[in-house]
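**Q** Sharing a structure, written as structure tokens. Questions coming.
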Amino acid sequence: MPARTVVRLVIELTIIASLYWIGARLGLRLAFANKNVTAVWPPTGIAVAAFFLFGSRVWPGVLVGALVANITNGAPLDTSIGIAAGNTLAPLLAGYFLRRVGFRGELDRVADVVNIIAAGLLGMLVSATFGTTVLWLTGALAGSYGSDWTVWWIGDAMGVIIYAPAILTFVKARHNLPRTPARQVEGVAFLIAMPVAAALLMASSVPLWYIIIPLTLWGALRFRQPIAALTVALVSSVSIVVLVNGYGPFSYISLEPTTRLVTLQLFNATLALTVMLLTAVADERSRAWAELKSAAEDLEERVRERSEELVRAQRS
């Protein structure tokens, strides 16, 4: 293997491991019922995006990031190895699935949205089962197997559905970013304003979904991907931070902190799915209209040429 290729691979693995570790540390700070189980797990989105973009060769980066995150969280070495293995295998399978079904990171087709949802919901069954079983075998379960498994699966699946699209669309659909200075300023302002609005609305008595969803959908239709996906990731992250600090409509629910996080994550997932589907439908409609317009122009040109041929034939 050429030295340049080796250096590039090492850099990729280091970046992926670092990003995974940072996301894991943030997620584990929200592990209330069990220090190893959280309903917020952004690293799965990072890992799935990495496997789709770079292939299976980057698995050591994911494995090292997951292993270090669990060890620094106080888990024994054997437990950390088992959890890290599941955290690596599940995104690896999800990335392989996305490649096999012809998934496009631009997320400009409804089929792509369905596939990323399937990768999150089905692929993370592996990590939830793997990790919960390891905790059960080592006696580290805080509650029942079923409750810890459910929280684990929701956290991993939501990590894929909420955060992977933001990474993939930013990498694959940068050509869809606003190009004129005015639109660029508008797009940046939207990215900044939406999380701030989410924080203010979460801290007030105004129902969050009545305002956030319409604004986010408007942004999705106006800017498409990747700004829409980035907005969803930012709004979801801000809403989680606000909830953890005791604000927002979900904070008043008389439930445990983990259950509140699960409830909020389901809302965030609904927001992400709505935005992704609407954007994909809008993109497909735009392409269909462009193809129809092109076909009409081609037909008109053919009719004109045929008419000229008939005129020439009549003159002859």
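The values are calculated or read from the model by the stated rules, or taken from the named source; none is laboratory data. What you see is a predicted model; the values in this text were computed from it and never measured. As a convention, Cβ positions derive from the backbone with ideal geometry for all residues, glycine included, and neighbour counts pool all protein chains shown. The protein model used for the area step is the full one, side chains on, heavy atoms only, and it has no ligands, DNA or RNA in it. Shrake-Rupley method; radii C 1.70, N 1.55, O 1.52, S 1.80 Å.
**Q** Would you be so kind as to identify which of Ile11, Ala66, Val101 lies farthest towards the positive end of the dipole of segment 3-138, taking Lys and Arg as +1 and Asp and Glu as -1 on Cβ and the Cα centre as origin?
**A** Farthest towards the positive pole: Ile11.
**Q** Rounded to the nearest 10 degrees, what's the angle between the helix 227-244 long axis and the longest principal axis of the chain, both from Cα atoms, 0 to 90?
**A** In the chain, helix 227-244 runs at an angle near 20 degrees to the longest axis.
**Q** From the Cα gyration tensor of segment 1-148, with a ≥ b ≥ c the square roots of its eigenvalues, which class applies: rounded if a/c is under 1.5, or else prolate if a/b is larger than b/c, or else oblate? It would help to have the intermediate numbers written out before the result.
**A** Details: a/c = 2.14, a/b = 1.31, b/c = 1.64.
The shape class here is oblate.
**Q** Which of Val134, Ile212, Trp149 sits farthest toward the positive end of the charge dipole of the chain, with +1 on the Cβ of Lys and Arg and -1 on the Cβ of Asp and Glu?
**A** Ile212
**Q** Now, a different point. Quick check: at a probe of 1.4 Å, how many percent of the accessible area of the chain sits on carbon and sulfur atoms?
**A** Values: 10480 of 15720 Å².
Looking at the chain in its full context, I get 67 percent from C and S.
**Q** Could you tell me which of rounded, prolate or oblate describes segment 54-110, using a ≥ b ≥ c as the square roots of the eigenvalues of the alpha-carbon gyration tensor, with rounded for a/c under 1.5 and, failing that, prolate when a/b is larger than b/c and oblate otherwise? Could the numbers behind the result be given before it?
**A** Numbers: a/c = 3.09, a/b = 2.86, b/c = 1.08.
Prolate shape, in that a/c is at least 1.5 and a/b is the bigger ratio.
**Q** What spacing in nm lies between the two simple spin-label points modelled at Val171 and Leu77, each 7 Å away from Cα in the Cβ direction?
**A** Spacing of the two 7 Å Cα→Cβ label points: 3.3 nm.
**Q** Ok, one more. Could you check which residue among Asn34, Asn268, Asn87 shows the biggest mean-square fluctuation in a GNM of the chain with a 10 Å Cα cutoff?
**A** Highest fluctuation of the listed residues: Asn34.
**Q** I need the calculated FRET efficiency for the pair Leu9 and Leu122, taking r as the beta carbon distance and R₀ as 35 Å, to the nearest 0.05.
**A** On the way: r = 29 Å, r/R0 = 0.83.
E between Leu9 and Leu122, to the nearest 0.05, is 0.75.
**Q** Of (i) 0.96; (ii) 1.70; (iii) 1.11, which one was derived for Rg/Rh (Cα atoms, Kirkwood Rh) from the structure shown?
**A** (iii)
**Q** Taking the solvent-accessible surface of protein heavy atoms with a 1.4 Å probe, what is the per residue accessible area of the chain in Å²?
**A** Values: 15720 Å² over 316 residues.
Normalised by residue count, the accessible surface of the chain is 50 Å².
**Q** If you stretched the chain out fully between Arg29 and Leu278, how much longer would it get, using 0.36 nm times the residue separation minus the C-alpha to C-alpha distance?
**A** Numbers: separation 249, 0.36 × 249 = 89.64 nm, distance 3.30 nm.
The Arg29-Leu278 span can extend by a further 86.3 nm.
**Q** Which trypsin sites (Lys or Arg not before Pro) in segment 112-203 pass both tests, a DSSP loop state and at most 16 other beta-carbon atoms within 10 Å? Each step should come with its number before you reach the end.
**A** Numbers: sites: Lys172, Arg174, Arg179, Arg183; in loops: Arg179.
Loop-located and lightly packed - Arg179.
**Q** Round to the nearest 0.05 the FRET efficiency obtained for Ser294 and Val110 when R0 = 25 Å and r is the Cβ-Cβ distance.
**A** Details: r = 22 Å, r/R0 = 0.87.
Plugging the Cβ-Cβ distance into 1/(1 + (r/R0)^6) gives 0.70.
**Q** Expressed as an acute angle from 0 to 90° and rounded to the nearest 10, what is the orientation of the C-alpha long axis of helix 43-54 relative to the principal long axis of the chain?
**A** Here the helix axis deviates by roughly 40 degrees.
**Q** Taking the Cα atoms only, what angle lies between the long axis of helix 110-137 and the longest principal axis of the chain, rounded to 10 degrees?
**A** The answer is roughly 10 degrees.
**Q** While we're on this one: Divide by every residue of the chain the summed helix terms, -39500 (n - 2.57) for each DSSP H run of at least 4, and state the resulting mean residue ellipticity at 222 nm, rounded to the nearest 500 deg cm²/dmol. Walk me through the numbers before you get to the answer.
**A** On the way: 10 runs with 247 residues, N = 316.
Helix contribution divided over all residues of the chain: -27500 deg cm²/dmol.
**Q** Under 12 Å from the Cβ of Thr231, count the other residues' Cβ atoms, weight Lys and Arg +1, Asp and Glu -1, and hand me the total. Could you put the intermediate results ahead of the total?
**A** Working: positive: Arg222, Arg224; negative: none.
After counting each charged neighbour, the total is +2.
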